[in-house]
Amino acid sequence: MNSRLFLFVLALLMLLAVVHIGVISITFSKLGLTRESAFVLLFCSLFGSLVNIPLFTIKSLTPIKIRDIPLAGLLRPYLNQHRGRTLIAVNVGGCLIPVLFSVYLFLTQPLMLHEILLGIALVALVSYTFSFPVPGTGIGMPMIIAPVTAAIIAILLNSEFSAPLAYISGTMGVLIGADLLNFRHIAQMGAMIASIGGAGTFDGIFMTGILAVLLA
């Protein structure tokens, strides 16, 4: 009975993985990428999500809460050296790659600068409004709000090229509104690491872009 349950759970996880990859592939195709290019971007994003690049530390105003972080072992010497401080890092797959891809879309898609700036500003405003501090972890926000906002705004601003506009507005809007504008709260959260775009403190930038494109 246990072996059957294990096989069922394993099959379910494999099915979810296939669906997940398929959805992301469809999303990237809406952005004009070939299947090969979409696979490379997805591969880099998935493996890049395991990498946090340390930037600097800030003094924590509350006791640090120790918790598990992907590949924290690589940062352990750095964290031990700065006890009582929160490490600010940027996640490669969850932040750096989406930002670079947004720049690529801006340079290659027929989008007007004012459309992009307005889209980013509106999503940032909504993200800031609905984001909130989570002690010991970082900044939280209901996952669906930013993608839906980005998709609606993109359709209203430019229905013909709503997909790339939704991606740029969603990723950059969340980065600015939920992450950067809430930076002042980090010192009071007792977080060991604030990983922008990663599974540490900040989360969801990559998936926000994916969902926004699907909805646009």
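Values quoted throughout were computed directly from the atomic coordinates according to the rules given, and no laboratory measurement underlies them. In this text, all values refer to a predicted model and were calculated from it rather than measured experimentally. Cβ atoms come from the backbone with ideal geometry, glycine included; neighbour counts cover every protein chain shown.
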Using the 10 angstrom Cβ neighbour count as an exposure proxy, how do Ile196, Ile176 rank, fewest first?
Ile176, Ile196
Calculate the FRET efficiency for Ile155 and Leu50 from the Cβ-Cβ distance with a Förster distance of 45 Å, rounded to the nearest 0.05.
0.85
Tell me the label-point distance for the pair Val103, Arg184, using the 7 Å Cα-to-Cβ offset, in nm and rounded to one decimal.
2.9 nm
Under the Karplus relation 6.51 cos²θ - 1.76 cosθ + 1.60, θ = phi - 60°, what is the ordered set of whole-Hz ³J(HN,Hα) values for the stretch 121-128, x standing for Gly and Pro?
4, 5, 5, 4, 5, 5, 4, 5
